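Since the structure comes first, as structure tokens, the remarks are kept for the end.
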Amino acid sequence: MDNGTLFVIGGAIVISIISFMAYAVLAFFYPEWVGITGKVALDAEQSHVEGKEAPEHMMDKF
């Protein structure tokens, strides 16, 4: 293989690794942004359980 091919393959591998790391950071700090059920979604699901009162939200005053 020539140097151009190795450069393209190496670049694709590096971009893939960086993309995975960025996804992992987002998944850890902002799980809802990447489609993982986080604390906000779990609170919303629990507020829909029959017989439970929903927790107060700051927008309830408006």
Heavy-atom accessible area per residue - the chain, 1.4 Å, Å²:
94 Å²
Accessible area of the chain belonging to carbon and sulfur atoms, whole % at 1.4 Å probe:
68 percent
Need the full-extension length gain, residue 16 to residue 61, defined as separation in residues times 0.36 nm minus the C-alpha distance. One decimal, nm.
11.6 nm
Rounded to the nearest 10 Å², the accessible area of residue 19 using a 1.4 Å probe with every protein chain kept is 60 Å²
What FRET efficiency do you get for residue 33 and residue 1 if R0 is 35 Å and r is their Cβ-Cβ distance, rounded to the nearest 0.05?
0.35
Just the number, please: Stokes-Einstein D of the chain in µm²/s, Kirkwood Rh from C-alpha pairs, 4 °C, 1.567 mPa s.
84 µm²/s
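The values are calculated or read from the model by the stated rules, or taken from the named source; none is laboratory data. These numbers come from a predicted model, not from an experiment. Every residue, glycine as well, gets a Cβ built from its backbone with ideal geometry; the counts of neighbours run over all protein chains shown. Areas reflect the complete protein model, heavy atoms only, side chains present, ligands, DNA and RNA absent. Shrake-Rupley method; radii C 1.70, N 1.55, O 1.52, S 1.80 Å.
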